[in-house]
Each structure stands twice: as C-alpha cells, then as structure tokens.
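Asker: Take a look at the following structure, please.
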Amino acid sequence: MLEGLRLLDLSSRLPGPLCSLILSDLGMEVIRVESPSFLGKGDVFREFPESETPYFPMLNRGKKSITLNLKTVKGKALFLKLAEKADVVLEGFRPGVIDRLGIGWSQLHQANPRLIMASISGYGQEGPYRSEAGHDLNYLARTGILGLNASAQGETPVCPPIQIADVAGGTYPAVVGILATLIERSRTGKGRWIDISMLDGSLFLMAMALFDHGIGKRIAPGSPPISRGSANYHVYKTRDGRYLALGALEEAFWGEFCEAVQRPEWKTFYGDEKAMSSKELCDAVQEVFMTKSQEEWLAFFRGRDVCLSPVRSIDEVASGEDIRERDVFWWKILPDGERVPMLRFPMANRLVPAEKREIPRLGEQTVPILRGELGLSDQEIETLRGEGVI
C-alpha cells in the first residue's frame, strides 16, 4: 500500500519503532538512523541480550539501518541530504532536542518542503510539562486511567501489564497522523509537522468514562464504565482455577446465557442496573461457573451466542487457533539460535514478505546508502568513518 515511500526513523524504545514497523508492514521503506557503535550500541534495545529481551528484533524486522553521528557537522549534513529524498522523518526526543541537534523542523522543511515530520513525546511540543520526563505509567496516571484501575474497595491502583499510553496514545496517533498528512500532501504538495502527545492520546481512551462523568454518572475504581461491574460483564473463576470472561452485555446474549445455565429467572434483572451489579447476582453466577472446568464450559457454550472467552495466559496466546490461523504471529530463529516471537500489523497483507522478516545489523546499510543514494566515493566513506561520522 505504501510502496515507494520512505521514512527516516530517529526514534527508539517502543512508540516510534512500533509506528515505523506498522508503516513498514504496509510497504513503506524504513531506514533506522542510529548512533555509531563507538557511541553505544545504536538503538537502546540493542543493548539488551536477545536471549533476555528480544525487543529490537521484534520491533525492527524489515527495516534498514544506517549509522550517523548527528553531533558532527558532516553527520547533520548527510542526514539533511537523506531527508531531501525522504517522505517522513519520525523522532521521539524530548521537545527541543532535535532543534539543538540542528535537524529540527525548520532545517528539514527547508531541505524538503514535501517532508512530513512526526514527533512523539510525552506531553507534546507545547505546554507546561513539555520538558518533563515521563513513561507509560505517568501518562496513565495524569489522564485518570490508572486511578480507575483499582478495586472498588479503594486499594492501590494496579500498574497495567502492557504499555497502553505508549501504543494507544503514541504509536497509533502517529500512524494516523502520518497517513492523513500523506493524503493532504497529495493535494497541497506540502509537508507538515505532526505533534503527537502520549498524554493527549491516552486521554482519548477515556472517552466513555468522561462522557459518563459529564452527564452525572458515577465512575468509580473497580467499576468498568461500560457495565458498572454488572454480572453479565464480568470475569469468573472455574472449577479448575482458570477464568472465563463473560461479555453478555446485550439482552439477547444475557438471555441466551441464562437459558443455557437453566436460570431463566435471571433474565428479569436485565435493565435494572442495581440488580445486575448486585453482589448477590454476581456470587450466584460465580457458583454456577464453579461447577465445571474452563474447558468444559467452553465446550458447553460452543455454538451459543453468549460472548464467553477463556482468559488465556501469555503462554497460550500463540497456540490459540484464532491467533494461529489469522497469520499475525510467527516465530523467527535468530543467528544465535534464539527463538523470538514476531507480530505483523493486522491489516497488512496476510503474509509479510521474506525481506520484511529480516533484522538489520547496526549500520548494515550505511555504505550502500551513502554510495548508492548520495553518490559518495569509497574514499569519502572511509574519511567519514575515520572522522567518527559513521
């Protein structure tokens, strides 16, 4: 879909690299611009042994890697030359850093007026917290998401087990912004600087809770806004100590469930929020689920529309037939023999081409790109290496 477009990726860690991975899966050429090895190991995730945390292979398959020392005059000049031939520059520095490097929006726009720059930061390019450090947990705390992730008894909010703000607040808004601006550019011929704040993006996830709050509904910790903790939208334990998620929100689904477990009288509670969320009803449904194992209940409800799903462990996810048959997941064997999981963006072509599965070595494409794209001679390249530019 995006074949023929090029992105220069200056980002690191999760939000930016996951954004460029999505665009790469959709066909865009992505070039990681990393620091030379004598300044570290390039992307921060290269510093972790693959056997412990294979984040770099998972996030950077299918991309290219060049090394440039952007603190040198020649390094900046080479980057701006590459930007002349690029469509997008993606960065994840704190606001102001890329300007101090001398490759900010004014320099990039002058070098290539059609260029799009996407900046992912915690609190945005403007505002009172623009220079403040932060991570996923901080953004969730400030937007109220973390405060709601507690029990109704008022216990300490629980840290989410995945990066919510990074991905839903940073990665996806950046992807949407880049794609929208590419469409705009096709009409105007001009690029744009996109300001992505993970705080703003996380707040957008609070839409239903904030809407409910705005019309006077009480939104309390441990009470999901979509259901108020109702018995028909709940997690239940089974006889074997496993769990099932019941999402029978609509009356038809709840009615089907009640008939199946031979409790037709429960159908009369539907529409009565107090009765549906009562401890008595939740406990009664729990007693029913304790009569069978998770597998027995899944077999029992197979073919019935009740919105019931197993609560899987992370070990079980990859082996699930629903995941396996959709071809969004596969295992890759690295040169050192390590077996690491890979994910493709869901709406990409069903099979990611072989070249999109390879993992770039640090600076693997530096010489080919400098020689082929910018026309540098072997002698000029060796000089750059000797001067610590590459």
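Asker: Quickly run through segment 295-348 and pick out the residues that are over 18 Å from the mean Cα position of the chain (by Cα), in a loop (DSSP other than H, G, I, E, B), surrounded by 12 or more Cβ atoms within 10 Å (Cβ to Cβ) and in contact (Cβ under 8 Å) with a residue 24 or more places away in the chain.
Answerer: Result: 304, 305, 306, 307, 311, 327, 334, 338.
Asker: With respect to residue 63, determine if the residue is of a type in the set (D, E, K, R) and buried (at least 16 other Cβ atoms within 10 Å of the Cβ).
Answerer: yes
Asker: Of everything in segment 264-294, what is among the polar types (S, T, N, Q) and not in a helix (DSSP H, G or I)? Give them in sequence order.
Answerer: 277, 278, 291, 293
Asker: Report yes if some residue within segment 381-389 is among the β-branched types (Val, Ile, Thr), within 33 Å of the chain's Cα centre (by Cα) and not in a loop (DSSP other than H, G, I, E, B); otherwise report no.
Answerer: Within segment 381-389, not a single residue is among the β-branched types (Val, Ile, Thr), within 33 Å of the chain's Cα centre (by Cα) and not in a loop (DSSP other than H, G, I, E, B).
Asker: Say whether the condition of being at pLDDT 95 or above, surrounded by 14 or more Cβ atoms within 10 Å (Cβ to Cβ) and of a type in the set (A, V, I, L, M) is met by at least one residue in segment 234-244.
Answerer: yes
Asker: For segment 102-128, which residues satisfy the criterion of being in contact with a Gly (Cβ under 8 Å, 6 or more places away or on another chain), closer than 20 Å to residue 11 by Cβ and either polar (S, T, N, Q) or part of a loop (DSSP other than H, G, I, E, B) (or both)?
Answerer: Answer for segment 102-128, where residues must be in contact with a Gly (Cβ under 8 Å, 6 or more places away or on another chain), closer than 20 Å to residue 11 by Cβ and either polar (S, T, N, Q) or part of a loop (DSSP other than H, G, I, E, B) (or both): 112, 115, 119, 121, 122, 123.
Asker: Hey, among 90, 78, which residue is under 20 Å from residue 183 (Cα atoms), at pLDDT 95 or above and not hydroxyl-bearing (Ser, Thr, Tyr)?
Answerer: Testing whether each residue is under 20 Å from residue 183 (Cα atoms), at pLDDT 95 or above and not hydroxyl-bearing (Ser, Thr, Tyr) leaves just 90.
Asker: Considering only segment 158-181, I want to know if a residue exists there that is more than 21 Å from the chain's Cα centre (by Cα) and either basic (Lys, Arg) or in the same structural domain as residue 16 (by TED's automatic domain parsing) (or both).
Answerer: No: segment 158-181 contains no residue that is more than 21 Å from the chain's Cα centre (by Cα) and either basic (Lys, Arg) or in the same structural domain as residue 16 (by TED's automatic domain parsing) (or both).
Asker: Let me ask something else about it. Going by the structure shown, is residue 139 in contact with a Ser or Thr (Cβ under 6 Å, 6 or more places away or on another chain) and part of a helix (DSSP H, G or I)?
Answerer: Yes; evaluated as a whole, the condition is true for this residue.
Residue-by-condition table, conditions (1) within 20 Å of residue 16 (Cα to Cα); (2) touching a residue at least 60 places away in the same chain (Cβ under 8 Å); (3) of a type outside the set (D, E, K, R):
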{"position": "93", "(1), (2), (3)": "yes, yes, yes"}
{"position": "102", "(1), (2), (3)": "no, no, yes"}
{"position": "106", "(1), (2), (3)": "no, no, yes"}
{"position": "114", "(1), (2), (3)": "no, yes, no"}
{"position": "128", "(1), (2), (3)": "no, no, yes"}
{"position": "146", "(1), (2), (3)": "no, no, yes"}
{"position": "151", "(1), (2), (3)": "no, yes, yes"}
{"position": "158", "(1), (2), (3)": "no, no, yes"}
{"position": "165", "(1), (2), (3)": "yes, no, yes"}
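Asker: Give the residues of segment 2-34 that are surrounded by fewer than 24 Cβ atoms within 10 Å (Cβ to Cβ) and either β-branched (Val, Ile, Thr) or at positive phi (or both), sorted by residue number.
Answerer: 4, 13, 22, 27, 31
The values are calculated or read from the model by the stated rules, or taken from the named source; none is laboratory data. Bear in mind that the values here come from a model prediction, so they are computed numbers and not experimental data. FYI the Cβ positions are ideal-geometry reconstructions off the backbone, even for glycines, and counts take in every protein chain you see.
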